[in-house]
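Okay, structure first, notes after.
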Amino acid sequence: MTQVSIESSRAPATTRPRVGFLGIGWIGHHRMRAIAEADVVEIAAIADTADAMIAQAAPLAPDAKALSTFEELLDQDIDGVVIATPTALHAEQSIRALARGKAVFCQKPLGRTAEEVRAVIDTARSANRLLAVDLSYRSTEAMRQIRRLVHNGELGHVYAVELTFHNAYGPDKPWFYDPALAGGGCAIDLGVHLVDLALWVLDFPKVARTSSRLFANGQLLSTQAKRAEDYALATIDLETGAAVHLTCSWRLPAGRDAVISAAFYGTRGGAAMRNINGSFYDFAAELYRGTASETLAAPPDAWFGRAAVEWARALAAGTGFDPSVERCAEVAAVLDQIYGR
């Protein structure tokens, strides 16, 4: 990984922070829209190798400078960078931006391995720069309600967690299917959300052991396979005694666009988030007491860009390094175990 020196901290800004965007495809465009609508930072620069992407995003920030390379973006007078590029680039680009004194909001995963993730976090800590990762399902009202219940003890001792994320389409970019570029297949693409939700809701307990099975086109793979899995299942045993079971897939014949759920069962009750009618965006949450259920959250919920806006607001408030991002290394370590690394 490229080694860079860390520049000295700049003086606090007296105006709104200036932010640049690196990569403005589908995800980057939507994060840019959310930040533009929040109007807490100035979008000063946009960098993408595709002129069409630049043209599509330009109306969201008509005064932003259009650039074609990351190097040009780093040379701008900006305070933060939103990174929405292929996974193989996340760690190195984040490190370079942080070392140049820029705060970073990066798409998941932050790196392909726990080692990459820790390197980014270490740089952010040394530079005292705000770093956040777009683990966006934390931002749904459904998951926030479930986390509140667990933290308040309303479910009692949580001993079982069941998580699912089936994407009936699968990614449309070739690099997703190259483990050297993506870090894996569906488990790192979708499973990163599931692992994060389980640990986040339970306040990051220690992991005792992890077991997994990975498949590609119906064939069981070794954990050291050079192919990207399209179906994964894993069991994560926590030191609290809880068992976390997760399944995720690309192109599973699920009968709908997506199946997404996160259920937590305790000695006093259960709670679950589920997507509605196969939607990637609409979620409901329910509290279970025996055979009775109670609605905790339901659409509409404008959660999709919420994490990006919260990062922008923290940047505008002058927030430096946030130690909570260190939890991303724990999630990455579990994914390493799932892949036998």
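So, for the range 98-183, what is the accessible surface per residue at a probe of 1.4 Å, expressed in square angstrom?
For the range 98-183, the per-residue accessible area is 38 Å².
Nothing charged except the Cβ atoms of Lys and Arg (+1) and of Asp and Glu (-1): what's the magnitude of the dipole of the range 18-134 about its Cα centre? Round to the nearest 20 debye. Don't jump to the answer; show the numbers that get you there.
Working: 12 positive and 16 negative charges, 74 e Å.
Here the range 18-134 has a charge dipole of around 360 debye.
For the range 219-275 and the range 29-44, compute the distance between their C-alpha centroids and round to whole Å.
Centre-to-centre distance over Cα atoms comes out at 33 Å.
For the range 141-301, which whole percent of the accessible surface, found with a 1.4 angstrom probe, sits on carbon and sulfur atoms? It would help to have the intermediate numbers written out before the result.
Values: 3640 of 7370 Å².
In the range 141-301, the share of accessible area belonging to carbon and sulfur is 49 percent.
Leaving out ligands, DNA and RNA, what percent of the accessible area of the range 8-127 is carbon and sulfur, probe 1.4 Å?
Ligands and nucleic acids excluded, carbon and sulfur reach 50 percent.
Tell me what the chain gives for mean residue ellipticity at 222 nm when only DSSP H runs of n ≥ 4 count, each as -39,500 (n - 2.57), the sum divided by the residue total, rounded to 500 deg cm²/dmol.
That comes out to -9000 deg cm²/dmol.
Per-residue counts of other Cβ atoms within 10 Å, averaged by peptide: what ranking do you get for 269-281, 87-99, 203-215, 34-46, highest first?
With the highest mean Cβ count within 10 Å placed first, the list reads 87-99, 34-46, 269-281, 203-215.
Can you give me the angle between helix 327-338 and the longest principal axis of the chain, using Cα atoms only, in degrees from 0 to 90, rounded to the nearest 10?
Between helix and principal axis, roughly 60 degrees.
Over the heavy atoms of HIS151, what accessible area does a 1.4 Å probe trace out, to the nearest 10 Å²?
Estimated to the nearest 10 Å², HIS151 gives 90 Å².
Cross-chain or 8 or more residues apart, Cα under 22 Å: how many lysine pairs in the chain fit that? Count them up, please.
5
Treating the beta-carbon of each Lys and Arg as +1 and of each Asp and Glu as -1, no other charges, what is the dipole magnitude of the chain about its Cα centre, to the nearest 20 debye? Don't jump to the answer; show the numbers that get you there.
Numbers: 33 positive and 39 negative charges, 103 e Å.
With Lys and Arg at +1 and Asp and Glu at -1, about 500 debye.
Using the Cα centre as the reference, give the magnitude of the dipole from point charges on the C-beta atoms of the range 141-301 (Lys, Arg: +1; Asp, Glu: -1; all else neutral), rounded to the nearest 20 debye.
280
What base-10 log of the normalised intensity I(q)/I(0) is obtained for the range 18-134 from the Debye formula, alpha carbons as equal point scatterers, at q = 0.11, 0.16, 0.22, 0.24 Å⁻¹?
Those come out to -0.31, -0.66, -1.23, -1.42, one per q.
With everything on Cα atoms, drop me the angle between helix 141-151 and the longest principal axis of the chain, reported from 0 to 90° to the nearest 10.
60
Report, to the nearest 10°, how far helix 306-316 tilts away from the longest principal axis of the Cα atoms in the chain, using its own Cα long axis and a range of 0 to 90°.
40
Project the alpha carbons of the range 108-171 onto their principal axes and report the range along each, largest first, in whole Å.
40, 35, 22
Highest mean first, how do 59-65, 156-162 rank when packing is the count of other Cβ atoms within 10 Å averaged over residues? Please report the intermediate quantities before stating the final value.
Numbers: 59-65: 14.3, 156-162: 17.1.
So the order, starting with the most tightly packed, is 156-162, 59-65.
As a test, work out the antiparallel percent of DSSP beta bridges whose residues both lie in the chain, rounded to the nearest 5.
60
Working from the alpha-carbon coordinates of the range 80-141, get Rg over Rh, Rh being the Kirkwood radius.
Ratio value, two decimals: 0.96.
The values are calculated or read from the model by the stated rules, or taken from the named source; none is laboratory data. Since we're looking at a predicted model, the values are computed, not measured. Neighbour counts run over all protein chains shown; Cβ positions are idealised from the backbone, glycine included. For accessibility, only protein heavy atoms count, side chains too; no ligands or nucleic acids. Shrake-Rupley method; radii C 1.70, N 1.55, O 1.52, S 1.80 Å.
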